[in-house]
Amino acid sequence: MIKSKERISNFGEVFTSTREVNAMLDLVHHETARIDSRFLEPACGNGNFLIRVLETKLNVVKAQYRKSQSDFEKYSFLSVASLYGIDILEDNVRECRLRLSECIRKTYAGIFREATNQNFYEAIAFVLSKNILAGDALTMKAQNGVDDLLLSEWSFSKGNKVKRTEYALSNILAYQPFEGDSLFSDLGDEVIIPKPTKTYPQMNFLDLTDEF
């Protein structure tokens, strides 16, 4: 699919077809089916890859937590908080956020109907505003070309409290040897731990606001 020849010429914009998206993600199905497995799409367009990953994660959430609304909200939040997208075009970013939020809304409302929680929808919108960003993944700069692209890690601690830690994309991708004894993964690979730009106080995920 294309939106215009001018966008192809100016930005190299070509959307990946559903068949190709499915074929590629089927190769890593064990990861797409993990609720907390993180995915970064550096040229996300309007979200063809991310929406497919989210649908797979939500199927797992629905199967495991549909009998508990609070658990469903928590793990649905975690599933979308693990997805990241960057695109150079603002309209694609807006459309990607909308598609992901509507996917969550449709699944959630289909189960809990009149009992849906507006705070949950607002928490999802907040996370998407921080995870789906307008910018250039090649330069690792925001849309203004000056500020660093900043990505947030969301991790639950006790109960429903979530901790947000912000990292510059350039630091995530840069090689930074660990200060102290080297750390290694279960496969023997060296573990690289980027330095955060900011750590936010823990807060109930349903209470997230722009001040957080």
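The values are calculated or read from the model by the stated rules, or taken from the named source; none is laboratory data. For clarity, every value in this text was computed on a predicted model and none was experimentally measured. No Cβ is skipped: glycine too gets one built from the backbone with ideal geometry, and neighbour counts run over all protein chains shown.
Residue check: is residue 129 part of a helix (DSSP H, G or I), of a type in the set (Ser, Thr, Tyr) and closer than 21 Å to residue 163 by Cβ?
Spelling it out, residue 129 is indeed part of a helix (DSSP H, G or I), of a type in the set (Ser, Thr, Tyr) and closer than 21 Å to residue 163 by Cβ.
Looking at (1) at pLDDT 80 or above; (2) loosely packed, with under 12 Cβ neighbours inside 10 Å; (3) small (Gly, Ala, Ser), which is the only condition residue 4 fails?
For residue 4, the exception is condition (1).
Quick one: which residue in 104, 86, 51 is among the aliphatic types (A, V, I, L, M) and over 24 Å from residue 163 (Cα atoms)?
When all the criteria are applied, what remains is 51.
Please specify each residue of the stretch 75-107 satisfying the condition of being hydroxyl-bearing (Ser, Thr, Tyr) and closer than 19 Å to residue 208 by Cα.
Within the stretch 75-107, 75, 76, 79, 82, 84, 101 qualify.
Could you count how many residues in the stretch 135-161 are of a type in the set (Gly, Ala, Ser) and under 14 Å from residue 205 (Cβ atoms)?
Number of matching residues: 4.
For residues in the stretch 140-161 being part of a loop (DSSP other than H, G, I, E, B) and touching a Gly at 6+ places or on another chain (Cβ under 7 Å), which is surrounded by the most Cβ atoms within 10 Å (Cβ to Cβ)?
Ranking the qualifying residues of the stretch 140-161, first place goes to 149.
Taking the stretch 32-78, which residues are in a loop (DSSP other than H, G, I, E, B), hydrophobic (A, V, I, L, M, F, W, C) and modelled with pLDDT of 90 or more?
If the condition is that a residue be in a loop (DSSP other than H, G, I, E, B), hydrophobic (A, V, I, L, M, F, W, C) and modelled with pLDDT of 90 or more, then 35, 43, 44 are the ones that fit.
Of the numbered conditions (1) modelled with pLDDT of 60 or more; (2) surrounded by 12 or more Cβ atoms within 10 Å (Cβ to Cβ), residue 178 satisfies every one except a single condition; which is it?
Failing condition for residue 178: (1).
Going residue by residue through the stretch 27-41, is there one that turns out to be in contact with a strand residue (DSSP E or B) (Cβ under 7 Å, 6 or more places away or on another chain), buried (at least 21 other Cβ atoms within 10 Å of the Cβ) and of a type outside the set (A, V, I, L, M)?
no
List the number of the failed condition for residue 72; all other conditions in (1) buried (at least 21 other Cβ atoms within 10 Å of the Cβ); (2) in contact with a Ser or Thr (Cβ under 7 Å, 6 or more places away or on another chain) hold.
If we test residue 72 against (1) buried (at least 21 other Cβ atoms within 10 Å of the Cβ); (2) in contact with a Ser or Thr (Cβ under 7 Å, 6 or more places away or on another chain), just (2) comes out false.
Mind listing just one residue for me: the one in the stretch 50-65 that is in contact with a Ser or Thr (Cβ under 7 Å, 6 or more places away or on another chain) and of a type in the set (A, V, I, L, M, F, W, C) and, of those, nearest to residue 107 (Cα to Cα)?
58
If residue 103 passes every condition in (1) free of Cβ contacts under 8 Å to residues at least 24 places away in the same chain; (2) assigned to a helix (DSSP H, G or I); (3) of a type outside the set (A, V, I, L, M) but one, which one does it miss?
(1)
Scan the stretch 75-105 for residues that are of a type outside the set (A, V, I, L, M, F, W, C) and under 26 Å from residue 63 (Cβ atoms) and jot them down.
Of everything in the stretch 75-105, those that are of a type outside the set (A, V, I, L, M, F, W, C) and under 26 Å from residue 63 (Cβ atoms) turn out to be 75, 76, 79, 82, 84, 85, 97, 99, 101, 102, 105.
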